[in-house]
Amino acid sequence: MTAPGFGFTARSRPSGFLKTVLQSGMGRPVKQLKRVTLQFCDNGSKSRFARLFVENHLTDFARKHPTVVVYAMPKRDAMPQVCAEYLNGEEEMHELDHKHPDEILEAVETLAGRSGLPLIRIRKDWHTYTPSIQGEWHPFVNKKDYDIQKKIDFSIKLWDAWTPRKNAWAKYYRADELDKLTNRPILTYEEKSELPLGKWGPQLPPIY
Amino acid sequence: MSFGRANQQWATFSRVWHILNADRQPAGGIGVLVSRYVQGLHKPIYHPTSDVGDHVVVVNAKKIAYSGNKWEEKVFTAHTGRRKGRVRMQAFKVHELDPTWIIRRNIYRQIPNNLLRRTLFQRVHVFEDENVPAEIIENVTNVLIGPRPVPKAITDYTEEEKDSFPKLFLRDKYFLKS
């Protein structure tokens, strides 16, 4: 993984949002791994398995991924390392000392399958570049009749004293629901006295 | 009114100037209403850490209404800090001295008591009558409606409307008209 940029300490880890390359490869997948450089020593004991990997598995790997450039660079007294470079410019190094050829193959295959995006903490499980289709809110979003050339009129509106006032909760109901509430059947006094628990309430046993 | 892609955020976080006519309105209700707009609580983008409050211009502060006998019974108190420094004054006396003081006090007390209180209160502009400076009135884009509906007085009706009003009984012709 690439080193985090400036501004990060042990207490503040790099973080970012979810990203993809080439719409997750839909339509025309392009392998993002550009180049693999394998460095090892031709004499050292730490590079013993790396040399075995170069002899047995490296050509198969190169044949399997034809778009990837593979370099094997023997260098005296060097630590065995693999460097992967991606199309977006990211580099990633892995140390291979005392590692079995199967482990090296697994590491190189995972490098080949990756998109090259840095491995950082993901802030959210989802991300979109178009968070709102209808547009963000602004003060004039529901004021289509506002005219900047018209002079502002702040005179008070006078009501007749007998105008019926709506209840404060009336605006939270639909028109048909409000009609049901306002015009609901109300029991008369006689019906109430006959049925103290309501018309649909429990029926009391007769008293003898 | 549409904005471009880059100007969208400027429009979202721009400050709006509201105007409120305090004619025949209660002072406490104005304080509740104005403090919400000054803090930006009416906006869908409100967040306590983002400064999204608006400006509010209150006109006709001289004409506020109190219910009951509050003009005489309501007493504002303060203390100078010295001995015997307690000052008490009835509401109508305060209103004669400074017609904007009662509304300003009600708004200031409704804004939460923190470090932003005085900054937010600077965005409230109270005037005793309808004479607002042109540099302030030109910014206003929205009109707020007061908390209470104002009924018509008997002087607001014409003679024809008075005569056409349905009568329960006819007055004697010698009845004295006021």
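May I ask you to verify whether B:F92 is under 18 Å from the mean Cα position of the chain (by Cα) and free of Cβ contacts under 8 Å to residues at least 24 places away in the same chain?
Spelling it out, B:F92 is indeed under 18 Å from the mean Cα position of the chain (by Cα) and free of Cβ contacts under 8 Å to residues at least 24 places away in the same chain.
Can you report the number of residues in region A:114-149 which are loosely packed, with under 14 Cβ neighbours inside 10 Å and free of Cβ contacts under 8 Å to residues at least 40 places away in the same chain?
So the answer is 16.
What are the residues in region B:1-34 that are outside any loop (DSSP other than H, G, I, E, B), within 9 Å of another protein chain (Cβ to nearest Cβ) and closer than 24 Å to A:L158 by Cβ, if any?
Residues satisfying the conditions are B:I19, B:L20, B:N21.
Do you know which residues across region A:31-59 are farther than 16 Å from A:L111 by Cβ and assigned to a loop (DSSP other than H, G, I, E, B)?
Matches in region A:31-59: A:C41, A:D42, A:N43, A:G44, A:S45, A:K46, A:S47.
(1) in contact (Cβ under 8 Å) with a residue 60 or more places away in the chain; (2) more than 30 Å from A:T130 (Cα to Cα); (3) assigned to a loop (DSSP other than H, G, I, E, B); (4) of a type outside the set (A, V, I, L, M, F, W, C): which one isn't true of A:E92, the others all being true?
Only one criterion is unmet by A:E92, namely (3).
I'm trying to understand the selection: among the residues of region A:174-204, which are among the β-branched types (V, I, T) and assigned to a helix (DSSP H, G or I)?
Scanning region A:174-204 gives a single hit, A:T182.
Among the residues of region A:95-108, how many are assigned to a helix (DSSP H, G or I) and in contact with a Pro (Cβ under 7 Å, 6 or more places away or on another chain)?
0
Given the residues B:A61, B:A78, which is the only one that is farther than 22 Å from B:L144 by Cα and either touching a residue at least 24 places away in the same chain (Cβ under 8 Å) or away from every other protein chain (no Cβ under 14 Å) (or both)?
B:A78
Would you mind finding the one in B:D172, B:D156 that is within 14 Å of chain A (Cβ to nearest Cβ) and of a type outside the set (F, W, Y)?
B:D156
Which ranges mark the helices (runs of 4 or more DSSP H) fully within region B:44-134 that have 1 or more residues being closer than 20 Å to B:H18 by Cα?
Because the criterion is at least 1 residues that are closer than 20 Å to B:H18 by Cα, the helices (runs of 4 or more DSSP H) in region B:44-134 that meet it are B:101-110, B:117-121.
Out of all the residues in region A:71-89, which are surrounded by fewer than 16 Cβ atoms within 10 Å (Cβ to Cβ) and assigned to a strand (DSSP E or B)?
A:Y71, A:M73, A:P74
Just so you know, all these numbers are worked out from the coordinates, no wet-lab data involved. These numbers come from a predicted model, not from an experiment. Virtual Cβ from ideal backbone geometry, glycine too; neighbours counted across all protein chains shown.
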